[in-house]
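Colleague: Dropping a structure here in structure tokens format, bear with me for questions.
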Amino acid sequence: MAGLLVASAAFVTANIARDNHTRAATAKTMTGGDPDRAPAIFRRYGCSGCHAISGIPGADGQTGGPLTGLSKRVYIAGVLENRSDNLVAWIVSPSSFSPRTAMPSTGISEQEARDLAAYLYAQ
């Protein structure tokens, strides 16, 4: 019985790891970004002060919407169709799409925004 439980746990763990790898690879292809660079970028630009971001220590902000599950949403910030090009453009210049948004223009580069988008889509 114990052997069956260990084997079942190993199977589940292997499937989760494979699914995570597949999501990350798909997100990289969609965005042209690298999700592994995102945690440092989130910290550098203070994203975690306003947003709750899964997998980012201390990212528990309540000002902006939570970014967990972004890939499953229809809209970005309620104003843009959820596509990788729109997400990158929103991150770079949110006020271009919603002049009254509380999200600041941070000076983030397009490549850094691609890295953040890859991370968010990989979650």
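Colleague: Based only on other Cβ atoms within 10 Å, what is the fewest-to-most ordering of His51, His21?
Modeller: Ranking His51, His21 by Cβ neighbours within 10 Å, fewest first, gives His21, His51.
Colleague: In what sequence do Tyr121, Tyr75, Tyr45 fall when counting other Cβ within 10 Å, fewest first?
Modeller: Least to most surrounded, the residues fall as Tyr75, Tyr45, Tyr121.
Colleague: Rank these for me by crowding, Asp85, Asp19, going from fewest to most other beta carbons within 10 Å.
Modeller: Asp19, Asp85
Colleague: Whole-Hz ³J(HN,Hα) for each residue in the stretch 41-46, computed from phi via Karplus 6.51 cos²θ - 1.76 cosθ + 1.60 with θ = phi - 60°, x for glycine and proline: what do you get?
Modeller: 5, 4, 5, 4, 9, x
Colleague: If you don't mind, there's one more thing I want to ask. If you plug each phi of the stretch 26-32 into the Karplus form 6.51 cos²θ - 1.76 cosθ + 1.60 with θ = phi - 60°, what whole-Hz ³J(HN,Hα) values come out, in order, with x for Gly and Pro?
Modeller: Computed from phi, the couplings for the stretch 26-32 are 5, 5, 4, 5, 5, 9, x Hz.
Colleague: What is the chain by shape, rounded, prolate or oblate, if you read a ≥ b ≥ c off the alpha carbon gyration tensor as root eigenvalues and call it rounded for a/c under 1.5, prolate for a/b larger than b/c, and oblate otherwise?
Modeller: Prolate, because a/c is 1.5 or more and a/b exceeds b/c.
Colleague: In addition: When the helices in the chain are scored as -39500 (n - 2.57) per DSSP H run of 4 or longer and the sum is shared across all residues, what 222 nm value do you end up with, to the nearest 500 deg cm²/dmol?
Modeller: Taken over the chain, the calculation gives -15500 deg cm²/dmol.
Read-outs throughout are calculated quantities, based only on the coordinates presented, and are distinct from any laboratory measurement. Model, not experiment: these values are computed from the prediction. With ideal geometry, Cβ positions are generated from the backbone for all residues, glycine too; neighbour counts draw on all protein chains shown.
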